[in-house]
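Written out below as structure tokens is the structure these notes cover.
The values are calculated or read from the model by the stated rules, or taken from the named source; none is laboratory data. Computed from a predicted structure; not experimentally measured. Cβ placement follows ideal geometry from the backbone for every residue including glycine, while neighbour counts extend to all protein chains displayed.
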């Protein structure tokens, strides 16, 4: 498995099944900007209330899968029937589509995610222990300090400045790491004084003749 962050904005996703697990995953897909269609005989109230989701009330038969799947990029097999989920997965793979299931890891796994002010941390046990992943997520979340968020903002500031005068990405990264690792920078970020941290950085860049 490869851990990636996937941009699915405007990607077409079809979800087979409309229970609680489907509801949670549909909400994540919608927040990510995907175009979501849900096919099922029954739907949770939460799914019915998501205005951007296209709802198709229909019993899914294996003979229908080819036509359903060919129009979509990402396929979620989340029905209560293992046999039907197996059939959905087989047809999706035959068409080279990405598949997600609730009962086993396939192409896509929905990890436990922490999102805060530009920071994204994903925690996964590759589907083997999702409850443990959620618990670990809560533990990690408590360790994220305000100085970590300021460090991200400070890194962005440095990157924007250095892109104007250093063309090599490798050299930019080396210099950024050197600057953000400085004790005076760290101390100011701990105090919440990003303005002073920026001032120190600007002086360093001036010495390198790397300013506006």
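Before moving on, here are some points about what is shown:
- Some residue of the range 111-130 being assigned to a helix (DSSP H, G or I) and either modelled with pLDDT of 95 or more or touching a helix residue (DSSP H, G or I) at 6+ places or on another chain (Cβ under 9 Å) (or both): no
- Hey, residue 151 within 23 Å of the chain's Cα centre (by Cα), over 24 Å from residue 32 (Cβ atoms), at pLDDT 95 or above and in a helix (DSSP H, G or I) or not: yes
- If the condition is being exposed (fewer than 11 other Cβ atoms within 10 Å of the Cβ) and under 21 Å from residue 119 (Cα atoms), then the range 193-212 contributes only 195.
- Every pair of residues 6+ apart whose Cβ atoms lie under 8 Å, when the first sits in the range 24-35 and is in the same structural domain as residue 52 (by TED's automatic domain parsing) while the second is crowded, with 16+ Cβ neighbours inside 10 Å and in a helix (DSSP H, G or I): 26/47
- Within the range 124-147, considering residues that are without any contact (Cβ under 8 Å) to a residue 60 or more places away in the chain, under 18 Å from the mean Cα position of the chain (by Cα) and under 19 Å from residue 101 (Cβ atoms), the one surrounded by the fewest Cβ atoms within 10 Å (Cβ to Cβ): 134
- Matching residues, the range 93-108, being out of contact with any strand residue (DSSP E or B) (no Cβ under 6 Å at 6 or more places or on another chain) and modelled with pLDDT of 95 or more: 93, 94, 95, 96
- Matching entry among 65, 76 (being at negative phi, assigned to a helix (DSSP H, G or I) and in contact with a strand residue (DSSP E or B) (Cβ under 9 Å, 6 or more places away or on another chain)): 65
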